[in-house]
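The values are calculated or read from the model by the stated rules, or taken from the named source; none is laboratory data. Since the structure is predicted, the reported quantities are computational estimates derived from the model, not experimental observations. In this analysis, Cβ positions are derived from the backbone assuming ideal geometry, glycine residues included, and neighbour counts consider all displayed protein chains.
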Amino acid sequence: MTTMNMIEAINLALRESMYADDRVMVLGEDVGQLGGVFRATAGLQAQFGRHRVVDTPLAEGAIIGTAVGLAAGGMIPVPEIQFLGFAHQAFHQIAGQVARFRHRSQGRYPMPMTIRAPFGGGVRTPELHSDALEAQFAHCPGLKVVAPSNPADARSLLIASIIDPDPVLFLEPLKGYRLVKGEVPESAGGDTIGSARTVRAGDDVTIIAWSASVQLAEQAAVRAGEELGVSVEVLDLRSLIPLDVTSIATAAAKTGRVVVVQESPVTGGFASEVMATIVEEAFYDLEAPVQRVGAPDAPYPLPGVEEIYLPSVDAVLAAIREVTSE
Amino acid sequence: MTTMNMIEAINLALRESMYADDRVMVLGEDVGQLGGVFRATAGLQAQFGRHRVVDTPLAEGAIIGTAVGLAAGGMIPVPEIQFLGFAHQAFHQIAGQVARFRHRSQGRYPMPMTIRAPFGGGVRTPELHSDALEAQFAHCPGLKVVAPSNPADARSLLIASIIDPDPVLFLEPLKGYRLVKGEVPESAGGDTIGSARTVRAGDDVTIIAWSASVQLAEQAAVRAGEELGVSVEVLDLRSLIPLDVTSIATAAAKTGRVVVVQESPVTGGFASEVMATIVEEAFYDLEAPVQRVGAPDAPYPLPGVEEIYLPSVDAVLAAIREVTSE
Amino acid sequence: MTTEQLVDAYTWMTLSRVVDERAFTLQRQGRLGTFSPTKGQEASVVGSAMALTVGQDWIVPQYRELGACLVHGLPLDLWFMYWMGNMSGGRIPDDVRILPVQISLAAQLPHAVGLAWARRLQNLDDVVIAYFGDGASSEGDFHEALNFAGVLRVPVIFFLQNNGWAISTPRSAQTAATSFACRAQGYGVAGATVDGNDVVAVYEVTKEAVARARADEGSTLIESITYRLGPHNTADDHTRYVAEGEMETMAEFDPIVRLRTHLISQGLWDEHRDTELLAGHARRAQQAAVTAEARRPHYSQVFDHVFARPTPRLARQAAEAERRHGQEPS
Amino acid sequence: MTTEQLVDAYTWMTLSRVVDERAFTLQRQGRLGTFSPTKGQEASVVGSAMALTVGQDWIVPQYRELGACLVHGLPLDLWFMYWMGNMSGGRIPDDVRILPVQISLAAQLPHAVGLAWARRLQNLDDVVIAYFGDGASSEGDFHEALNFAGVLRVPVIFFLQNNGWAISTPRSAQTAATSFACRAQGYGVAGATVDGNDVVAVYEVTKEAVARARADEGSTLIESITYRLGPHNTADDHTRYVAEGEMETMAEFDPIVRLRTHLISQGLWDEHRDTELLAGHARRAQQAAVTAEARRPHYSQVFDHVFARPTPRLARQAAEAERRHGQEPS
Ligand SMILES: Cc1ncc(C[n+]2csc(CCOP(=O)(O)OP(=O)(O)O)c2C)c(N)n1
Ligand SMILES: Cc1ncc(C[n+]2csc(CCOP(=O)(O)OP(=O)(O)O)c2C)c(N)n1
Ligand SMILES: [Mg+2]
Ligand SMILES: [Mg+2]
């Protein structure tokens, strides 16, 4: 066991993956010489060379588009999008090409590819760098979407994503890059994409969250215990696609009182899918309406008001109060 | 009252809008000389001239991007995207620019713009022409999303969208273009964006749908009456953003048994938002779990199997049976 | 081009034309979906494809390059299946080096760059040719792909078929540039313009580009000036926008007529062989169409190959479909 | 440029530099967010902006063009507010013709085309200048915007600041083209290259482009060759990728030093005036920063101006925020 932050865990996973399989290569803006603007790819070019860690011209569409060709041609590309907001420049390649190539070719051209991108707010970035856009990508059939909340998962799920024969959008919580530290085991083990994990057991209320919202949920859980005497279970989805429907149903049924926390604007966010799934799978176990916590239906604002925009521990606590009120 | 199909109603609304306000202009691929590949803009160039109905080069990003500048410069652009699937090429302009310009400039640069695009399946198109992608756009704060199901609404809502001071993505059901006919009143009246409408009253089950799925819902409603003796109400959302939360809650509460029908793949589709809204607003009125009908979590396939992919009247009927089973 | 190659080119070009006609008829009968004929562009498509090595080099199509796919080994029945809406038609055989039909304009261009890059990283000297139109050249993907190609110095031939039209939009409204090929220097790649209705010229210019690519001298942008002799696709009515008489005038430059005239004048061809060839093509097209039609699409095409293994929810959806459609005759 | 204009240019350039320095300090103190200094590019930014008519023509910025915005009337306190993270800093006064800061690289280029198009449609002869970098030029938006500009023949000046870097990516890795300006002919627009550290040259070349644009002769792509004299932004450590000594060498071409030397040599300037000017700038920057800091952002910035009128749900969310934050001092 070693303690590391998210960035170190991601860097480790990349290094391990590149070491294990020399078809794995990294490409993107500033990933080589600089080692990434957050240093996620630091040292990789020195270790694996300029052919496997490539500073590309500045064009997200072509970063993903060439990765499609690289995959078709026998490589396992791991493109980085510097901030998820700029994956919009490549949306046609991600939704229309990456996600559909295996299906279109009926298996002839699989797309083993992992697109890495930091996302989410709370670190006072310029505009367009902080929006939590996962729901837009979770509705692109053929694409998997993985969103770890802690270093151990970041490491094991990134390795699993790169090994996975299908394309994965691997979302890294910007806020957690340096802030979230945790134990990472010696061996990456055989983690699998598509399984949620209970990160905290509890009896009265279930919070379902992913990525940076898991920390929010955990903080709220602690305070709910202390301030309200409410015992809270926290389920970390870890992956949105595939969605771990079974674990969601079990966790929801266990307490019958569920709060779903997302960082993105409420309307059309992925929490709505989680709620719909709970209605389908655990309706008769519900004791109260599922509560949803998220940002308002507005673009991510400038830093001056981001704390007002972002869901807070208080807001999660209020939802816990609400869901236990009847 | 005149009977017309969707295309004729849209063409009429464009003509009326251009006649009423000479800042309104149409731009896009093949919209001028040809009058659009579906003839939605037929005759407009002849009537309003080459400056107001413009055949652009083939680039969706620039069609939307120049529309941003046109709006900032005092025009009211109505860009057409030939098929919604190709709006992905402009996703960065739609989500990152069109939707955010008013907010970014704190009101200095509003974006009066209506982006028209046909979408949805059932008409045996080539790949990428038929996917129902509305959920991806309904999660772009700052953008309105309107999706009429019939000619009268297409006409009145398109006029309302063009008048609206904010940007609207106006989704036109490809399948309904010629197939769906209906009465259209002499005057467009003052329709408003953001209000749902009950298109069929009923007592036992509520179906909520939008765009082409409304016809599916209506057909299922008739059969449910005949075959199951179940009286079905149908609520046509007409607009996804703004969402008519009140009408959804009322319609759900009325019967307590709700089926939501969407054409898009189930996971992460807009039906999940409708279900989450029902849970938030009408949970205690529910008599049974809300049922969701949609396409499988797969890309829209080639025509040979599209009837298997698309939600069917049978599938809606099965959901009605399910929701009335307890 | 050798004499033999000239006759080969003529064979492929006429086969393409015959298949077009067959497919058009099938479309009118409701037995085949919307498709875009190659008519008028056969020299451009076939001449370029013949300059690459079949089985080694790669074809990255848009959607209007039947002849190139045939030259490189695509079974004709697969082509019919695809345009009949059968997803299995998209399953290109393992030993055929062609990427799937690309409906999204210019989206295939960065794929071609990545593919060539991958092969070079594996120390293989495959060359990639990517087809696209004058309209597609206005998409951002064109620019990004060519710029990457220049920087990466990959062996790609960007083969732009300037056929005068993007549906109803004339070339003159597509760009104010005097040529498309002149864009090459803006990316540090080679550029060339060629009469796309002259199969020999097309072959030669592509051959040079292939040689450069193979020798690691990088990419080439070739503008092949040709003409779309008919509607954009089976759903299009070109009389709404093509000036009266223009198609008829342009038909005089039909590359098939031109090559036939040349072959006959050189004593390499005659009426009799022509009749036989066309009859053979007709049989072959008919046969392929029948084979394709007989392979009814299976409901599972919706679910298979979305992922290597379906997600739990997709598996459930597939099981549900199996329950509903599994018994239907296929 | 007239003598007076030269001194004006020097005034704006030095003000830009002083504001950079002030902002850098504030950033280090945690009082201002991540921002990108103009340092080294002041001649390029100011010289070009001065070639347009203030109050009539339009500035379409990326994010590194403080000087151009100042020339065209942006109140300095708004600039500080914006980079301090106060959304009200994005509210450009009605009589100032500047579009908002654009974080998405090259996304503003089609906006500039549309804006110019709109003005022409209204029979106005405004000209638009759009700024962007060597890195941004690789985005698809660049290509699409220039191609539209050519076809529409709109009065836009595409002002590409080639400052050698896109964060850590050197110009040599950005494109294999020998120049960026040579791309102009691929769009049928005019092209020009200029020494971006020579304010007179920049002014002159832009002036010509403005004249062409105003005369309805279309757009120009200007490549201004300059150098980023420092890190990409306040979060960047350029020593990780800039060769040792390179910044120091390039500092010898600092456009401010160059212009000052010229002014002094022409007897138009002296040490005393310089000291006074800089002191005035420092006071002005300090004052603007203080004013900006005093205007605390109000919670309602999250909700206001998302739409003309909020959707019902957004209104509910705003009411909830009002309940939670409405009482906080602002
Ligand atoms: C990205 C994208 N936008 C729009 C379309 C719709 N569309 C199909 S073909 C076509 C014209 C293409 O013209 P060109 O590239 O010149 O090719 P050609 O059809 O002439 O071979 C259009 C606009 C599309 N398929 N993809
Ligand atoms: C579309 C997009 N992709 C990536 C980024 C992240 N990013 C910000 S600045 C920058 C480099 C820009 O270089 P250049 O265009 O040369 O402008 P400069 O900073 O040198 O002025 C990058 C990659 C962004 N802001 N937008
Ligand atoms: Mg064409
Ligand atoms: Mg730069």
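Which of the residues that make up the stretch B:74-106 are among the aromatic types (Phe, Trp, Tyr) and more than 14 Å from ligand 2 (Cβ to nearest atom)? Residues satisfying the conditions are B:Phe83, B:Phe86, B:Phe101.
Within the bounds of the stretch C:126-134, is there any residue that is away from chain A (no Cβ under 14 Å), of a type in the set (Gly, Ala, Ser) and farther than 21 Å from C:Val18 by Cβ?
Taking the stretch C:126-134 and keeping what is away from chain A (no Cβ under 14 Å), we get C:131, C:133-134.
When the remaining residues are screened for being of a type in the set (Gly, Ala, Ser), the result is C:133.
This time we only want the ones that are farther than 21 Å from C:Val18 by Cβ, so: C:133.
Within the stretch C:126-134 (the criterion being away from chain A (no Cβ under 14 Å), of a type in the set (Gly, Ala, Ser) and farther than 21 Å from C:Val18 by Cβ), the answer is yes, since at least one residue qualifies.
Return the residues of the stretch C:243-265 that are touching a residue at least 40 places away in the same chain (Cβ under 8 Å) and outside any helix (DSSP H, G or I); say none if nothing qualifies. C:Phe253, C:Asp254 - these are the residues of the stretch C:243-265 that are touching a residue at least 40 places away in the same chain (Cβ under 8 Å) and outside any helix (DSSP H, G or I). Hey, can you tell me all the residues within the stretch B:35-84 that are assigned to a helix (DSSP H, G or I) and facing another protein chain (nearest Cβ under 7 Å)? Across the stretch B:35-84, the qualifying residues are B:Gly61, B:Ala62, B:Gly65, B:Thr66, B:Ala67, B:Val68, B:Gly69, B:Leu70, B:Ala72.
Let me confirm something: among C:Thr38, C:Thr11, which residue is farther than 27 Å from B:Leu302 by Cα, of a type outside the set (Asp, Glu) and modelled with pLDDT of 95 or more?
Answer to the selection: C:Thr11.
For (1) farther than 21 Å from C:Thr249 by Cβ; (2) touching a helix residue (DSSP H, G or I) at 6+ places or on another chain (Cβ under 9 Å), each residue gets a yes or a no:
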site	(1), (2)
C:Cys182	yes, yes
C:Gln185	yes, yes
C:Ala192	yes, yes
C:Tyr203	yes, yes
C:Val210	yes, no
C:Thr226	no, yes
C:Thr234	yes, yes
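For the stretch C:197-212, the count of residues that are free of Cβ contacts under 8 Å to residues at least 12 places away in the same chain, among the charged types (D, E, K, R) and more than 16 Å from ligand 3 (Cβ to nearest atom) is zero.
Test C:Asp141 against the stated conditions and say whether it is assigned by TED's automatic domain parsing to the domain that holds C:Thr226 and within 13 Å of ligand 1 (Cβ to nearest atom). Criteria met by C:Asp141. The single condition from (1) within 16 Å of ligand 4 (Cβ to nearest atom); (2) surrounded by fewer than 24 Cβ atoms within 10 Å (Cβ to Cβ) that C:Asn147 fails is (2).
Which of the residues spanning the stretch B:192-215 are β-branched (Val, Ile, Thr), out of contact with any Leu (no Cβ under 6 Å at 6 or more places or on another chain) and buried (at least 20 other Cβ atoms within 10 Å of the Cβ)?
Hits for the stretch B:192-215 are B:Ile193, B:Val199, B:Val205, B:Thr206, B:Ile207, B:Val214.
Screening the stretch D:218-242 for residues that are more than 14 Å from ligand 2 (Cβ to nearest atom) and touching a residue at least 60 places away in the same chain (Cβ under 8 Å) and picking the one that is nearest to the other protein chains (Cβ to nearest Cβ) gives D:Arg240. More than 16 Å from the chain's Cα centre (by Cα), on the phi < 0 side of the Ramachandran plot, away from ligand 4 (no atom under 15 Å from the Cβ) and surrounded by fewer than 24 Cβ atoms within 10 Å (Cβ to Cβ): does that describe D:Leu115? So D:Leu115 does not fit the description; no. Of the set (1) within 16 Å of ligand 3 (Cβ to nearest atom); (2) surrounded by fewer than 24 Cβ atoms within 10 Å (Cβ to Cβ); (3) within 14 Å of chain D (Cβ to nearest Cβ), all apply to C:Glu139 but (2). Among the residues of the stretch B:106-128, those identified as assigned to a loop (DSSP other than H, G, I, E, B) and under 18 Å from B:Leu179 (Cα atoms) are B:Gly120, B:Gly121, B:Gly122, B:Val123, B:Arg124, B:Thr125.
When restricted to residues that are surrounded by 18 or more Cβ atoms within 10 Å (Cβ to Cβ) and either among the polar types (S, T, N, Q) or in contact with a Leu (Cβ under 7 Å, 6 or more places away or on another chain) (or both), the stretch D:308-330 contains 3. The single residue among D:Phe148, D:Phe80 that is facing another protein chain (nearest Cβ under 8 Å), more than 13 Å from ligand 2 (Cβ to nearest atom) and assigned to a helix (DSSP H, G or I) turns out to be D:Phe148.
Just one of the numbered conditions (1) facing another protein chain (nearest Cβ under 10 Å); (2) buried (at least 24 other Cβ atoms within 10 Å of the Cβ); (3) under 19 Å from D:Ala166 (Cβ atoms) is not true of A:Gln93: (3).
All of B:Ala95, B:Ala90, B:Ala13 fail the test of being in contact with a strand residue (DSSP E or B) (Cβ under 9 Å, 6 or more places away or on another chain) and outside any loop (DSSP other than H, G, I, E, B), apart from B:Ala90.
Scanning the stretch D:1-54 for residues that are part of a loop (DSSP other than H, G, I, E, B) and in contact with a strand residue (DSSP E or B) (Cβ under 9 Å, 6 or more places away or on another chain) yields a count of 3.
For beta carbons closer than 8 Å, sequence separation of 6+ or different chains, a first residue in the stretch D:163-191 that is more than 17 Å from C:Arg153 (Cα to Cα) and among the charged types (D, E, K, R) and a second that is part of a loop (DSSP other than H, G, I, E, B) and away from ligand 3 (no atom under 16 Å from the Cβ), the qualifying pairs are D:Arg183/D:Ala177.
Once the stretch D:6-51 is narrowed to residues that are of a type in the set (Phe, Trp, Tyr) and more than 14 Å from chain A (Cβ to nearest Cβ), the residue that is surrounded by the most Cβ atoms within 10 Å (Cβ to Cβ) is D:Tyr10. Please go through the stretch D:161-180 and pick out each residue that is away from ligand 4 (no atom under 11 Å from the Cβ), farther than 24 Å from D:Tyr203 by Cα and among the β-branched types (Val, Ile, Thr). Across the stretch D:161-180, the qualifying residue is only D:Thr175. Of the residues making up the stretch A:104-153, those that are within 26 Å of B:His139 (Cα to Cα), of a type in the set (Gly, Ala, Ser) and away from chain B (no Cβ under 11 Å) are A:Ala117, A:Gly120, A:Gly121, A:Gly122, A:Ser130, A:Ala147, A:Ser149.
Within the stretch B:216-253, being among the hydroxyl-bearing types (Ser, Thr, Tyr) and surrounded by 24 or more Cβ atoms within 10 Å (Cβ to Cβ) holds for one residue alone: B:Ser239. Taken over the stretch C:102-125, the criterion of being over 20 Å from B:Gly61 (Cβ atoms) and either within 16 Å of ligand 2 (Cβ to nearest atom) or more than 8 Å from chain A (Cβ to nearest Cβ) (or both) is satisfied by C:Arg120, C:Asn123, C:Leu124, C:Asp125.
Here is a yes/no grid of residues against (1) more than 8 Å from chain C (Cβ to nearest Cβ); (2) touching an Asp or Glu at 6+ places or on another chain (Cβ under 7 Å):
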{"position": "B:Leu286", "(1), (2)": "yes, no"}
{"position": "B:Asp297", "(1), (2)": "no, no"}
{"position": "B:Glu307", "(1), (2)": "yes, no"}
{"position": "B:Leu310", "(1), (2)": "yes, yes"}
{"position": "B:Val313", "(1), (2)": "yes, no"}
{"position": "B:Leu317", "(1), (2)": "yes, no"}
{"position": "B:Glu322", "(1), (2)": "yes, no"}
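Scanning the stretch D:157-198 for residues that are closer than 25 Å to D:Gly67 by Cβ, surrounded by fewer than 23 Cβ atoms within 10 Å (Cβ to Cβ) and facing chain C (nearest Cβ under 9 Å) yields one hit, D:Ser179.
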